[in-house]
């Protein structure tokens, strides 16, 4: 079965650079979520989109922005990167229809390292 | 606000031992409850879920029962294997399903 795809899987950036993370949800899923998981931490919700509109906002820094496109893929843009942004970034998708309603399916994550 | 409190680890067990990882929650309304597992270097995988009170989720020998009276969703397995070594996260989502709230994770190591 198709799963959530994230790219790149690994990314190394310097401080003050920018990064773009991409997420491709499961086909026919209309909602995308972004999470940040620091070393040894639980995933922290950043932001979510439903039908290309922002639906909820968590602890996303002002330096970050995200959007969902017409094909439902989403991109997380991160600017002025800081050392503390080094983390595993997860994308998840869901659909409000069907037997998996209310369940989020997670991608493998993008590991961002800021040097 | 909504939150999940999870038993702290790390937990180390011998193979075939009984496992319990406690999870309690705070939420308004009727949340759905989940256990996710994260193997080293991998993403989160759904282990089991329960969407209403008294539901029991089960998968791969793991079980958890949604107890509204005690606001708990404890994870249990009767006989753990080395391959169960991972980090386990308890999570809830509200009725609108817009956001997941995760516990802090419990690291489990099973030794032969």
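Just so you know, all these numbers are worked out from the coordinates, no wet-lab data involved. In this text the structure is predicted, and so the values were computed from the model without any measurement. Reconstructed Cβ throughout: ideal geometry from the backbone, glycine too, with neighbour counts over all protein chains shown.
With the structure loaded, tell me whether residue B:45 is within 14 Å of chain A (Cβ to nearest Cβ), under 29 Å from residue A:7 (Cβ atoms) and touching a residue at least 24 places away in the same chain (Cβ under 8 Å) or whether it fails that test. Show your work before the answer.
Working: within 14 Å of chain A (Cβ to nearest Cβ): yes; under 29 Å from residue A:7 (Cβ atoms): yes; touching a residue at least 24 places away in the same chain (Cβ under 8 Å): no.
Judged against the criteria, residue B:45 is not a match.
Read through the list (1) buried (at least 19 other Cβ atoms within 10 Å of the Cβ); (2) farther than 14 Å from residue B:32 by Cβ, then give the number of the only condition that residue B:92 fails.
With respect to (1) buried (at least 19 other Cβ atoms within 10 Å of the Cβ); (2) farther than 14 Å from residue B:32 by Cβ, residue B:92 is out only on (2).
Could you look through the range B:70-103, keep only residues that are farther than 20 Å from residue A:104 by Cα and touching a residue at least 60 places away in the same chain (Cβ under 8 Å), and pick out the one that is nearest to the other protein chains (Cβ to nearest Cβ)?
Among them, the one singled out is B:84.
Can we say residue B:80 is surrounded by 20 or more Cβ atoms within 10 Å (Cβ to Cβ), in contact with a strand residue (DSSP E or B) (Cβ under 9 Å, 6 or more places away or on another chain) and not in a strand (DSSP E or B)? Even if it seems obvious, please write down each step before you answer.
Values: surrounded by 20 or more Cβ atoms within 10 Å (Cβ to Cβ): yes; in contact with a strand residue (DSSP E or B) (Cβ under 9 Å, 6 or more places away or on another chain): yes; not in a strand (DSSP E or B): yes.
When the stated conditions are applied, residue B:80 passes them.
Listed here are the residues, each with its yes/no results for (1) out of contact with any strand residue (DSSP E or B) (no Cβ under 7 Å at 6 or more places or on another chain); (2) over 16 Å from residue B:36 (Cα atoms).
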{"position": "A:52", "(1), (2)": "no, yes"}
{"position": "A:74", "(1), (2)": "no, yes"}
{"position": "A:80", "(1), (2)": "yes, yes"}
{"position": "A:94", "(1), (2)": "no, no"}
{"position": "A:98", "(1), (2)": "yes, yes"}
{"position": "A:105", "(1), (2)": "no, no"}
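Among the numbered conditions (1) more than 10 Å from every other protein chain (Cβ to nearest Cβ); (2) outside any strand (DSSP E or B); (3) free of Cβ contacts under 8 Å to residues at least 40 places away in the same chain, tell me where residue A:65 comes up short.
(2)
Tell me yes or no: at least one residue of the range B:53-63 is away from chain A (no Cβ under 14 Å) and buried (at least 20 other Cβ atoms within 10 Å of the Cβ).
For the range B:53-63, residues away from chain A (no Cβ under 14 Å) and buried (at least 20 other Cβ atoms within 10 Å of the Cβ): present.
Residue B:26 is checked against (1) within 11 Å of chain A (Cβ to nearest Cβ); (2) surrounded by fewer than 17 Cβ atoms within 10 Å (Cβ to Cβ); (3) over 12 Å from the mean Cα position of the chain (by Cα) and fails just one. What number does that condition carry?
Condition not satisfied by residue B:26: (1).
Quick check: anything in the range B:104-111 buried (at least 18 other Cβ atoms within 10 Å of the Cβ) and within 14 Å of chain A (Cβ to nearest Cβ)? If you could, list the steps in order and put the result at the bottom.
First pass over the range B:104-111, keeping only residues buried (at least 18 other Cβ atoms within 10 Å of the Cβ): B:105-106, B:108, B:110.
Narrowing the set further to residues that are within 14 Å of chain A (Cβ to nearest Cβ) leaves B:105-106.
Scanning the range B:104-111 turns up at least one residue that is buried (at least 18 other Cβ atoms within 10 Å of the Cβ) and within 14 Å of chain A (Cβ to nearest Cβ).
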